[in-house]
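Read through the structure below, which is laid out as structure tokens, and then see the notes.
No value in this document is a laboratory result; all are computed from the given coordinates. Bear in mind the structure is a predicted one, so any value in this text is a computation, not a measurement. Glycine also receives a Cβ, built like all others from the backbone with ideal geometry; neighbour counts cover every protein chain displayed.
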Amino acid sequence: MAISTAPTSDLPIWMRRALRKTDWAGLLSIAFSVLIALPMLLQPGLPRTNDSEHYVFQTENTAAALQEGRWYPRWSPHVLGGYGAPLPHYYPQGAAYAAALTQIVIAGDPVAAVQIVSALALTFAGMTVYTLVARRAGAAAGLIANLLYSFSPYTGLIAPYVLGDLPAVISLWLLPALLWGLDRLLSGRQPFDFALVSLTIGALVMTDLRFTAAGLCLGAILIAWRVTAPDRQGVRWRAAIVALGSGVGLAACFWLPALVEINAVRWQMVSAPMNGRLSLPGLLAPLGQPDPALLFPTPQWTLGTPLVLFSLAAGLLMLRRRSRGSFQALFLMVGLLTGLIALVIMPEQTWLLGVMTLCLSIGASSVAEVYLDASARRRGWLFTLLCLVIVAAALPIWLFPFSTKSFGSAAPAAQIEYELQGFGIAGLPRGLLLPTTLSPGLGLNRALINGYRTGDISKIDMLYLNSNVQIGFLEHTSHSDRLQVQTYAPTEFTVLTAYFPGWTASTNSGRVRLEQDADTGLISIAFDEALTTELNLRLDTTPIRAIAWAGSWASLALVALMTRRRAKHHQPFLTEYPLLRHQEIRAVTVLFVLVALTALLGFSGVLDGLRTESGSSLSGSTPIWARTDSGLEMASFQIANPTVRPGDTLNLTSYWRTVRALTEDYHISIDLVDAGTGQLITYTNPHEPGNYPTPRWSTARLVRDDYALAIPDDAPAADAIVRIEVIACDNVCDPATRLTFFDSNGAVLGQTLELSTRVSIAP
């Protein structure tokens, strides 16, 4: 009797699931993703030289507000000397919110909470990329895409460790998660895909608006590609568009009030943004090791050698096989287009490197087809070789000088001291504008500062009260104050809190008015009669905020309704894709063990001999070692383009250090003068070297300062000299505080340092 065997595709879903083998490549993907995130957890703290410290401060403030029962904080109470500012109202706080919940539930410490959230985001980023690519091109392509993405310079080093950009790190996970959810939703097979897309895009809006824009663009491209594909029948493109709109609506509680009330504050620049530009040579350069002597490394905006080579190979392979309409080819072209737009139109938008990395990682994973085409005998070592090339190029990540010092306190008093020492605004990352309603001439209040230092914060300065009122302070929280007030006649007084729409005043008897003080921008309270009452000040809602919350709740209801509706009509579905063979699994497992050992040895310091030589960043620069009487020294300089034309930009790099701790905040100014006539050609305003306050410098560590000096269009042809001055700046930069330079033998060079390299301004 003949026995016929039914094809696997004809079997029921439950039987195909039972026959499905273990996806060992998926488990290896998880292992490699955990490995790239491990250094974040092994650090004893976070550095104070990047934006990590600001997200630690945000986490501390958000956790305090949550524990007070404020589920959506809109106020930073400790900035501007304790007057406060609406930072969470205007900037996405999803990253700080996630870290604050982690602090409350798990960590108990804001530093550990930021580390945990960062590590989880890095882990999930690689796993999500694997899942996205594997369901389309198989386990081999998925694992290669994961390695290319996770071990890339931007994902594995720049965003989490060099920049300390927590929102970008989380977005590096949410962005592929959005694409994965959209790809599933467009197939229309699972009930929770609609909710997955909506929640992911909503989380992106609440985390980082830059990556939100990128996510919407990539989502639109993916939808258009699926609609125009040959197998477009059954594509749920309308559901995908509604899901994206619902996700944006979920975050309406943030973006709608921020947009409508954008003119309710004055926007002030506090710290200069990071100087960085994308360039084609930079993107193609191999990842190098940072100089251990640098106080904080300069980000190297590169894609990394493996991603460049794999993308090139994938492009050639696609042209040869004419597979330009595939999923991987789509993202390869999108990655190249993103790079072209970034280089030509937006070179300062360095975050686009993360978008390019994601797209090119997906596209370059098609190199796995070479492995599939190989003979069974060669497959094992060929696939392992592909993986080895990727992880070997990531050696600078394992040798990166991670933070080894404790972060310190993030308490309110520490945030006040951070600002008083001139380090910036605690919780406001560099380059962002400060939203404030305070008068520019308003100074700090000594009583409020002392209250922070003693732990007894009072928002009323008793020295400035008139005789018609007596006040007792009952309670202070991040978004409210409670006072006992007794007035003997109609009177008004000022609360040491910045005014902002939404602040309300209520009493248990009598009428009270809350207004903005025209002279200071603080809250002014007025009573029209004599009374004794309890006064409650609270940052409450406004009509536009209530409308925004209604929009968020309506969007949530729509997501729940669509999810329930899809759950009633869904059909069982199994995602099937080619798995790796046991030979490849064993080889890649051995590779993982070797990489893990290398990573641990590198982190423990055993491989310090492989690190680049200390002071290697000075190679190619002109040594000068000009000292000052404060302990500040200029080590060397480099002028990238000593020959310029009118309208060009002169690129100057200088290296500084201090031999002892500095108490003053020193700024440098640069002049370009005609060597023959002494006529001033152009100059710069004083700025902090490296955009980092000198009192925070560590001794004997180098600080790199990159500066672009614009040559005027009417500049005459001349042989020019670059002159540098160092000025002590407290609140203002007084030229009378210029430092005196000395050479290495102690001879006086004067208060103006002239660089030996001349600049030629061609006609």
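Brief remarks follow.
- When you work out D = kT/(6 pi eta Rh) for the range 406-451 at 20 °C and 1.002 mPa s, using the Kirkwood radius from C-alpha pairs as Rh and the Stokes-Einstein form, the result is 174 µm²/s.
- Once the convex hull of all Cα atoms in the range 234-355 is built, its volume per residue stands at 187 Å³.
- Two-site label geometry, ASP734 and ARG538: point separation in nm, points 7 Å out along Cα→Cβ: 4.9
- The chain: relative contact order in percent, alpha carbon pairs under 8 Å with at least 6 residues between: 14
- Adding -39500 (n - 2.57) for every DSSP H run of four residues or longer, then dividing by how many residues the chain holds, sets the calculated 222 nm ellipticity at -13500 deg cm²/dmol.
- The smallest convex shape that holds all Cα atoms of the range 437-540, its convex hull, gives 98 Å³ per residue.
- Relative contact order (%) - the range 617-761, alpha-carbon pairs under 8 angstrom, separation at least six: 27
- Cα-based radius of gyration of the range 110-231 once divided by 2.2 N^0.38 Å, which approximates compact folds: 1.08
- Overall Cα dimensions of the chain - principal axes, largest extent first, Å: 110, 76, 51
- Selection from ALA25, LEU337, ALA258, by position along the positive dipole direction of the chain (Cβ): ALA25
- Sorting the Cα pairs of the range 645-697 by distance into bins of 5 Å, from 0 upward, gives 4, 14, 22, 20, 15, 11, 9, 4, 0 percent per bin.
- Calculated FRET efficiency for the pair TYR464/THR22, C-beta based, R₀ 51 Å, to 0.05: 0.10
- Calculated P(r) of the range 101-161 - Cα pairs past 13 Å, %: 64
- Restricted to Cα atoms, the range 617-761 shows a radius of gyration and a Dmax of 14.9, 43 angstrom.
- Extension gain from THR677 to MET269, taking 0.36 nm per residue of separation minus the Cα-Cα distance: 143.2 nm
- Alpha carbon centroid spacing (whole Å) that separates the range 290-354 from the range 87-145: 22
- Percentage, to the nearest whole number, of Cα pairs in the range 254-318 over 16 Å apart: 70
- Charge dipole of the range 390-517 (Cα centre as origin; +1 on each Lys and Arg Cβ, -1 on each Asp and Glu Cβ, all else neutral): 200 debye, rounded to the nearest 20.
- Isolated cysteines in the chain, defined as those with no second cysteine Cβ under 4.7 Å, comprise CYS217, CYS253, CYS359, CYS387.
- FRET efficiency for GLU348 and LEU597, using Cβ-Cβ distance with R0 set to 30 Å, rounded to 0.05: 0.15
- Sites matching trypsin sites (Lys or Arg not before Pro) across the range 192-262 that sit in DSSP coil, with at most 15 neighbouring C-beta atoms within 10 Å: ARG232
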